[in-house]
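The structure under discussion appears below in the form of structure tokens.
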Amino acid sequence: MFGKFKDLKKVAELKSKMSKIEKQFKAMRIEESGMDGRIKVAVNGLGEVVEIKLEPDLFEGKVDVKKIEKTLINAINSAQKKAKNMAAQKMQELMNELPPEVRRMMGG
């Protein structure tokens, strides 16, 4: 009987940790760049784009819009992939802290 209470207590502790981790992910910055650093993208740990910087010289002379667009897409995708991998790793660490019975209940 007390074992189940301990499991519930552990789940409550993990929920609290999850909330803290989500706040940490929101504050985190993952940056990627392209075209020799003239295009910079930053996402938070949740994968949300928080900043895009384009150097003014990208728009001088003959502008290669397609190259700029492709570089932006690649930088965003790369940064989001890194954020996703970091989140998955952290979630796995949290799941490993759960008792086996609780992991089974959660499908893990």
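Where a number appears in this text, it was derived from the coordinates with a stated rule and is not lab data. On a predicted model such as this, the values are computed, not experimentally measured, just so you know. Counting neighbours? That spans all protein chains shown, and the Cβs are built from the backbone with ideal geometry, glycine included.
Report, to the nearest 10°, how far helix 65-97 tilts away from the longest principal axis of the Cα atoms in the chain, using its own Cα long axis and a range of 0 to 90°.
Here the helix axis deviates by roughly 10 degrees.
Straight distance only, please: which lysines reach the Cα of residue 9 with their own Cα at less than 27 Å, same-chain residues fewer than 8 apart left out?
17, 20, 23, 26, 90
For the range 47-55, take each phi angle, set θ = phi - 60°, evaluate the Karplus expression 6.51 cos²θ - 1.76 cosθ + 1.60, and give the result in whole Hz per residue in order, putting x for glycine and proline.
Whole-Hz 3J(HN,Hα) from phi for the range 47-55: x, 7, 5, 10, 7, 9, 10, 10, 5.
If we count every other residue with Cβ under 15 angstrom of residue 45's Cβ, Lys/Arg +1 and Asp/Glu -1, where does the sum land?
Overall, the nearby charge balance is +3.
With everything on Cα atoms, drop me the angle between helix 2-27 and the longest principal axis of the chain, reported from 0 to 90° to the nearest 10.
That works out to roughly 10 degrees.
Tell me the relative contact order for the chain as a rounded percent, counting alpha carbon contacts under 8 Å between residues six or more apart. Spell out each step's value before the answer.
Values: 109 pairs, mean separation 27.5, N = 108.
Result for the chain is 25 percent.
Which residues' amide hydrogens lie under 5 Å from the amide hydrogen of residue 28, considering only partners 5 or more residues apart or on another chain, with H built in the peptide plane?
Placed amide hydrogens put 45 under 5 Å from residue 28.
Give me the distance between the Cα centres of the range 6-21 and the range 70-95, rounded to whole Å.
24
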